[in-house]
Each structure stands twice: as C-alpha cells, then as structure tokens.
C-alpha cells in the first residue's frame with residue numbers, strides 16, 4: 001500500500017445512490033409499539049429501525065390506509 005495517492009487526475013462522478021439516502025427523523029411512538037419492533041428485530045437479527053422502515057415501505061407500496069378507531073367529536 002502506498003503512503004500517498006495522487007487523486008488529481010480522477011474524474012468526478014455524481015453519487016448514483018443519492019436518491020436512496022436515508023433521512024434521520026424523530027418520531028413519537030407508543031412504548032408497546034417500540035418494544036414490538038425491537039423484539040421482532042432481535043428475533044430476525046436486524047436493527048429495529050430497519051424493520052420499521054421495511055414495514056413503512058410495504059405500507060406505502062401496498063397503498064395501506066391506517067385504521068382510525070377514535071370517536072369523532074362534533
């Protein structure tokens with residue numbers, strides 16, 4: 001391995017994965033929901049954040065609409 005490399009002749013190429021980058025967000029979820037995904041992640045051997053992302057992606061691709069159970073007030 002060389003001590004130094006000459007990158008001056010390299011050609012710049014845009015990152016082809018830039019559209020696939022993930023965005024860090026903060027959300028509030030119920031404790032039992034968080035524990036569910038953490039437990040599932042442990043069983044499957046993947047981080048729970050990845051599992052939540054996979055679940056949300058499948059909801060989006062399946063055009064899933066959440067079930068709203070609360071009572072509407074006039």
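Bear in mind these aren't lab numbers, they're just calculated from the coordinates by the rules spelled out. Because the structure is a prediction, the values reported are computed rather than measured. All Cβ positions, glycine included, derive from the backbone under ideal geometry; neighbour counts span all protein chains shown.
What is the angle, in °, between the Cα long axis of helix 31-44 and the longest principal axis of the Cα atoms in the chain? Nearest 10 is fine, range 0 to 90. Roughly 50 degrees, rounded to the nearest 10.
Axis angle, to the nearest 10 degrees, between helix 48-61 and the longest C-alpha principal axis of the chain: 70 degrees.
As a calculated quantity, the FRET efficiency between residue 54 and residue 15 at R0 = 35 Å, using C-beta atoms, amounts to about 0.90.
Applying 1/(1 + (r/R0)^6) with r as the Cβ-Cβ distance of residue 65 and residue 43 and R0 = 35 angstrom yields a FRET efficiency of 0.80. Look at 10, 1 and count the other Cβ atoms within 10 Å of each Cβ; fewest to most, that gives 1, 10.
Binning the C-alpha pair distances of the chain at 10 Å intervals from 0 yields a P(r) profile of 13, 27, 25, 15, 13, 4, 2, 0 %, listed from the shortest bin outward.
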